[in-house]
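Readers should treat all values here as calculations from the given coordinates under stated rules, not as data from a laboratory. Bear in mind the structure is a predicted one, so any value in this text is a computation, not a measurement. Virtual Cβ from ideal backbone geometry, glycine too; neighbours counted across all protein chains shown.
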Amino acid sequence: MLDLSQNPIILLDQAVLVEGPILGKLSIQKVGGVDVHIRGTLLGKLRLECSRCLTPFVSLIESDFYVDCTHEEKIPAAAGQQEHCLYGEELNLHFYRGDTIDLSEIISDQLRLETPMAPLCKEDCEGLCPSCGEPILQSVCGCSKKTETVLKVSINK
């Protein structure tokens, strides 16, 4: 069992902006020749940008995961075999080179998978003001408090 609070992992992935340490535990078990099973839980804070108002915020990310690792020599195309589609359990397959597994790559992947596709700073975020372009937050935009003008069109027959 690997406790990440005692063994910090440094992520070099620029797409995952971590705020503070990543906590969690990993269970790493060698199964047969070059196969390794990794099971774990991760807890961390990521710096995200709201998809509605573009305001930066910090979000708590939790992940329970498992990944099966095998050596790159087992990749079908690398072994001279024809390409094939990955199905079911193969989707959690990670290939490694040499005799070490880069845990930071696996952790980055898991954090990226847990990151919402359209992150929101708060569930009821109103986004950007269509008039001034400022975020419609607590008194950042005064336009939203103005009465909206309704355009009425009458059609004479």
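Values for this structure:
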read-out	value
Label-point separation in nm, Asn92 to Asp64, each point 7 Å along Cα→Cβ	1.1
Proximal charge balance of Ile61 [Cβ under 13 Å; K/R count +1, D/E count -1]	-2
Amide H contacts under 5 Å for Cys69, placed H, 5+ residues apart	Val36, His37, Ile38, His94
FRET efficiency estimate (nearest 0.05) - Cβ-Cβ, Phe57 to Ser131, R0 30 angstrom	0.80
Cα-projected label distance for Asp3 with Thr100, points at 7 Å along beta-carbon direction, nm	2.4
